[in-house]
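Have a look at the structure below, then the notes.
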Amino acid sequence: MAFASLTLILFTSFCLILRAQAQAQAPAPSSGAVDLVAILQKGGQYTTLIRLLNESQQLTQIQSQLKSNSQGFTLFAPTDNAFQNLKSGALNGLSDEKKVQLILYHVTPKYYSLSDLLTVSNPVRTQASGSEGSWGLNFTGQGNQVNVSTGVVETQVNNALRQQFPLAVYQVDKVLLPAELFGAKSPAAAPKSPKSSSETPTVGKAGGAPSPSGNAQNENGAAGRNVGFGVILGVGLFCMGVLS
Ligand SMILES: *[C@@H]1O[C@H](CO)[C@@H](O)[C@H](O)[C@H]1NC(C)=O
Ligand SMILES: *[C@@H]1O[C@H](CO)[C@@H](O)[C@H](O)[C@H]1NC(C)=O
Ligand SMILES: *[C@@H]1O[C@H](CO)[C@@H](O)[C@H](O)[C@H]1NC(C)=O
């Protein structure tokens, strides 16, 4: 009887070691590398932005330039709500080229912490600067609150999703509409008639669902650590079955 118990405990230990090794080998996000999509996905409300960044090739651009650009980047990330609150047709009325410019306008080719933004000299160049017009952003601050203004919209710079060189990502609750595309003189500013609802961005509505995989893994991990004796017995018996 004692021998059987000892054998069981040995098997159990062996199986737990195998299990621990299997868990250790599970791919972990490599620390150090900046993963913009992961940062935005963790935020949970940037589906439209991720799609637009992807479609405009900016995901790969920023991701690859982050490795070489010594200045870093700052991304102002409009939420799905911000895109949904745009006038109907505002986004879909843009040509592909202008959509890219709109996205580039949300990125500065330099890393700014929030306190940098409080003292930065206006206007601040964006990735869209260089083409005709200024494509600059103006920042004003009071206390710890920073506002960003395009001349068309002004909004607060909120919640830093990431604030660590070389990449800063800040939530904004409005899409930063550049005066160059949406200013008074631009025809894009006033879409003539509300278009059909199919023109409004719809991707965002599906965005709330949290990704289940991460949580499931965490729960499994916690359960694994909290194994009671009964579970050890169970695992031992299971392993004996598997290994025999
Ligand atoms: C980017 O777009 C490609 C092609 O449509 C798609 O396969 C990929 O999953 C997208 N990536 C992200 C992060 O959405
Ligand atoms: C920032 O903008 C908000 C409106 O969005 C305004 O109420 C507030 O006074 C502004 N703050 C600064 C520092 O400009
Ligand atoms: C931004 O600031 C600059 C310099 O202070 C000013 O000339 C320009 O008119 C401002 N632009 C907007 C859109 O507020």
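In what sequence, largest accessible area first, do 62, 50 appear using a 1.4 Å probe?
Largest to smallest exposure gives the sequence 50, 62.
Expected output is a single nm value to one decimal: the length gained when fully extending between residue 42 and residue 87, i.e. 0.36 nm times separation in residues minus the C-alpha distance. What is it?
Separation in residues times 0.36 nm, less the Cα-Cα distance, equals 13.5 nm.
Contour minus end-to-end for residue 156 and residue 98, with contour as 0.36 nm per residue of separation and end-to-end as the Cα-Cα distance?
Here the answer is 18.5 nm.
Run through every distinct alpha carbon pair of the range 29-140 and return the Kirkwood hydrodynamic radius in angstroms, one decimal place.
Evaluated over the range 29-140, this radius sits at 15.1 Å.
Note the full-extension length gain between residue 173 and residue 125 as 0.36 nm times their separation in residues minus their Cα-Cα distance, in nm to one decimal.
Answer, rounded to one decimal: 15.2 nm.
The values are calculated or read from the model by the stated rules, or taken from the named source; none is laboratory data. In this text the structure is predicted, and so the values were computed from the model without any measurement. Calculation scope for accessible area: heavy atoms of the full protein, side chains included, ligands and nucleic acids excluded. Shrake-Rupley method; radii C 1.70, N 1.55, O 1.52, S 1.80 Å.
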